[in-house]
1. Name the residue farthest towards the positive end of the dipole of the chain from the options 69, 22, 171, assuming +1 on Cβ of Lys and Arg, -1 on Cβ of Asp and Glu, about the Cα centre.
2. Quick one: if the Förster radius is 35 Å, what FRET efficiency do residue 260 and residue 203 give, using the C-beta to C-beta distance and rounding to 0.05?
3. Above 32 Å lies some portion of the pair distances; for the chain, what is it as a whole percent of all C-alpha pairs?
4. What's the Cα-based Rg to Rh of region 120-266, Rh via Kirkwood?
5. What is the sum of charges, Lys and Arg at +1 and Asp and Glu at -1, for the other residues whose Cβ falls under 14 Å from the Cβ of residue 141?
6. Leaving out ligands, DNA and RNA, what percent of the accessible area of region 132-231 is carbon and sulfur, probe 1.4 Å?
7. Can you work out ³J(HN,Hα) from phi for every residue in region 202-213, in order, using Karplus 6.51 cos²θ - 1.76 cosθ + 1.60 and θ = phi - 60°, giving whole Hz and x for Gly and Pro?
8. Please go through the residue pairs 90/191; 163/226; 110/226 and name each one whose alpha carbons sit more than 18 Å apart in this structure.
Amino acid sequence: MKAGVSTACLYPELLENALSQLAKTGIKNTEIFINTHSELQTEFTDLLKNILNNNNVSCSAVHPFTCPSEPMMFFSSYERRVDDIIDYYKYYFETMNKFGAKILVFHGNKRIHPAPEELYFERFGRLAMTAEEFGVIAAQENVERCQSNSLEFMKNMSLYLGKYANFVLDVKQAVRSHEDPFEIASQLGDKIVHVHMSDHNAERDCMLLSKGNFDIEGFLKILSKKGFDGSVILELYRQNFNDISQLYESYRYLCDIINNIEKEAG
């Protein structure tokens, strides 16, 4: 298990600046949120790779800027769009190979216009199999506004797709969906490959770690017992903190928890 911080925390700071700031603060693992097409071009990805290498920072995951278009491109009845968008996502997979990232974060369809589950799973499966050709994993995130917001949906997806069903568990999105992160971890633990971490309390659903009342250590212990060995990435919105030093404090807090769990496990 490895702690990290998403560049999305610093949005709308330019990506290269956000990555540099996290690296200079002392954060050693990150998720990179690509914000626009030009950030997938070779010259720019070379720049990001140099920042990672020069600061000894790893990249565990890539988050696509195209997630708002996924409902139209993956889940409409216009088949050609699916072929085109899967071809486009190869840009992400190539970028992930350059960074050493293993997880692509996928939002999927909005639940306001749900697709039949079998169609949804088949389309995602095509993306997951293409990702596999590049040696990476396409992972479905639980997102409150999307079809993936419920544990039931994710369980159905897992049954249908088998090894091609992998998940990003986002704690704040689970809270917003009135789903229990502990229950998701218990039932899907061996299928969870990446975590978006935040704290929360009765009044606020997204907070710096140790500022709410979520049992972070207990939650990660469940995942650890299920065999989870991926990255636990702090993902907050810009209004959830005042200074980048607070991100580093949450990162160190998370590192300490993970170290304690590993010591207890022997």
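The values are calculated or read from the model by the stated rules, or taken from the named source; none is laboratory data. Owing to the predicted nature of the structure, the values given are computational and were not obtained by experimental measurement. Cβ atoms come from the backbone with ideal geometry, glycine included; neighbour counts cover every protein chain shown. To get the accessible areas, we keep the full protein, side chains included, count just its heavy atoms, and leave off ligands, DNA and RNA. Shrake-Rupley method; radii C 1.70, N 1.55, O 1.52, S 1.80 Å.
1. 22
2. The formula returns an efficiency of 0.80 here.
3. Distances greater than 32 Å cover 18 percent of the Cα pairs.
4. Over the Cα atoms of region 120-266, Rg/Rh equals 0.98.
5. After counting each charged neighbour, the total is 0.
6. 43
7. 3J(HN,Hα) across region 202-213, in whole Hz: 5, 9, 10, 9, 8, 9, 4, 5, 6, 9, x, 10.
8. 90/191; 110/226
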